[in-house]
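**Student:** Quick one: this structure, given as structure tokens, is what I'll be asking you about.
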Amino acid sequence: MHRNFFFDLDQTLLDFHASEYKALGIVLRANGFSFSDEIYRAFKAYNKSLWLELEKGTISRTELFTKRFLDVFSRCEGDASGLDPLEVNDDFIRTMSVNGVLMDGALEFVAKIKENIPDARIYIASNGATVNAKGRIASTGLDRYIDGLFISEDMGVTKPDPAFFEICLDRIGEPGSSCIMIGDSLSSDMLGAKNASLDSVWFMPSGNIGEAMAAYDINYCASSYDELYGILEKWSSGR
């Protein structure tokens, strides 16, 4: 039996916001719109709220993609008449996919896991668009250390739905006791792990940590890759 590490992708291994900022600016300017830090902050906040709605099952992916670009069009100087928000969204995702940005130290961290923890398997378990995730992973060299990808768009279900992890476990053919979920999001990663009865590590925690750990049955917290490596090494040897 392997030691199976399920990693969230964005803000856990890849700097999603850096890629998002760059891609949004490129796409908006290419369509004749203005772009600024203020526009990005508004896009980021609204996009986050939409992903939370998707996690709750109250909107679809198509609605999310449409709404986020209709909203940003309304904030920019430029002419949106004749533009299809879904086509602009597709351009945005493609642009992000070739502009991956690693979190500082992420590549060295996953290499250390593969080199030093016996029978380690690293999987990506992420909500998002497949082409976006695969492209950014490949553009950063992270793909050399990944044993498999579980992306919500391919799977037809999103974290925190326990069905997401049921599919993961079925595909790797190993029990939940051999797996641990690592991620930054309480609402998808930690709640997903709780719903699927998996061990979990909350990476880069903030706010009332003790309250969150109790509410989401979180096993560990880590504020750096060094701290996270120590936790995963101990977890692996203690199974």
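**Student:** Which of the three applies to region 103-166, rounded, prolate or oblate, going by the alpha-carbon gyration tensor with a ≥ b ≥ c and a/c under 1.5 meaning rounded?
**Tutor:** Oblate shape, in that a/c is at least 1.5 and b/c is the bigger or equal ratio.
**Student:** Okay, next question. Residue by residue, what Karplus-based ³J(HN,Hα) values in Hz, rounded to whole numbers, does region 136-147 have, using 6.51, -1.76 and 1.60 with θ = phi - 60° and x for Gly and Pro?
**Tutor:** 5, 4, 5, 5, 9, x, 5, 4, 5, 10, 9, 8
**Student:** Something else now. Please find the FRET efficiency linking ALA42 to GLU87, where r is the Cβ-Cβ separation and R0 is fixed at 22 Å, and quote it to the nearest 0.05.
**Tutor:** 0.55
**Student:** Which value in nm describes the separation of the simple spin-label points at ALA30 and ASP104, placed 7 Å from the Cα toward the beta carbon?
**Tutor:** So the label points at ALA30 and ASP104 sit 3.0 nm apart.
**Student:** In terms of modelled amide H atoms, which long-range or inter-chain residues lie less than 5 Å from the amide H of MET103?
**Tutor:** So MET103 has HN proximity to LEU14, ASP15.
**Student:** Still on this structure: When the chain is modelled as a GNM with alpha-carbon springs shorter than 10 Å, which of PHE69, PHE203, PHE150 fluctuates the most?
**Tutor:** Of the options given, PHE69 has the highest mean-square fluctuation.
**Student:** If you don't mind, there's one more thing I want to ask. In deg cm²/dmol, rounded to 500, what helix-only [θ] at 222 nm does the chain give when every DSSP H run of at least 4 residues adds -39500 (n - 2.57) and the total is split over its residues?
**Tutor:** For the chain, the value works out to -16000 deg cm²/dmol.
**Student:** State the Cα centre-to-centre distance between region 43-64 and region 9-24 in whole Å.
**Tutor:** 17 Å
**Student:** Continuing with the same structure: If each residue of separation counts as 0.36 nm, what is the full-extension length gain between ALA138 and MET1 once their alpha-carbon separation is subtracted?
**Tutor:** 46.6 nm
**Student:** Classify region 1-66 from the C-alpha gyration tensor, please: rounded if a/c falls under 1.5, else prolate or oblate depending on whether a/b exceeds b/c.
**Tutor:** Numbers: a/c = 2.69, a/b = 1.54, b/c = 1.74.
Cα axes put region 1-66 in the oblate bin.
**Student:** Counting Lys and Arg as +1 and Asp and Glu as -1, what is the net charge of the other residues whose Cβ lies under 11 Å from the Cβ of LEU70?
**Tutor:** 0
**Student:** Still on this structure: Considering the chain as a Gaussian network with a 10 Å cut-off on Cα pairs, which listed residue, ILE151, ILE117, ILE180, attains the greatest mean-square fluctuation?
**Tutor:** Top of the fluctuation ranking is ILE117.
**Student:** Let me check against my output: what whole-number percent is the relative contact order of region 16-97, with C-alpha pairs under 8 Å and at least 6 apart?
**Tutor:** Reported as a whole number, the value is 41 percent.
**Student:** So how much slack lies between GLU166 and SER197, counting 0.36 nm per residue of separation and subtracting their Cα-Cα distance, in nm?
**Tutor:** Length gained between GLU166 and SER197: 10.1 nm.
**Student:** May I ask you to compute the full-extension gain from SER224 to SER187, defined as 0.36 nm times their residue separation minus their alpha-carbon distance, rounded to one decimal in nm?
**Tutor:** Values: separation 37, 0.36 × 37 = 13.32 nm, distance 2.06 nm.
Length gained between SER224 and SER187: 11.3 nm.
**Student:** I would also like to ask the following. Over region 121-239, what is the relative contact order in percent, taking alpha-carbon pairs closer than 8 angstrom and at least six residues apart?
**Tutor:** 17 percent
**Student:** Could you give the dipole magnitude of region 16-97 about its Cα centre, charging the beta-carbon of Lys and Arg +1 and that of Asp and Glu -1, in debye to the nearest 20?
**Tutor:** 260 debye
Bear in mind these aren't lab numbers, they're just calculated from the coordinates by the rules spelled out. A quick note: this is a predicted structure, and the numbers were derived from the prediction, not measured. Positions of Cβ are backbone-derived with ideal geometry, glycine not excepted, and every protein chain shown enters the neighbour counts.
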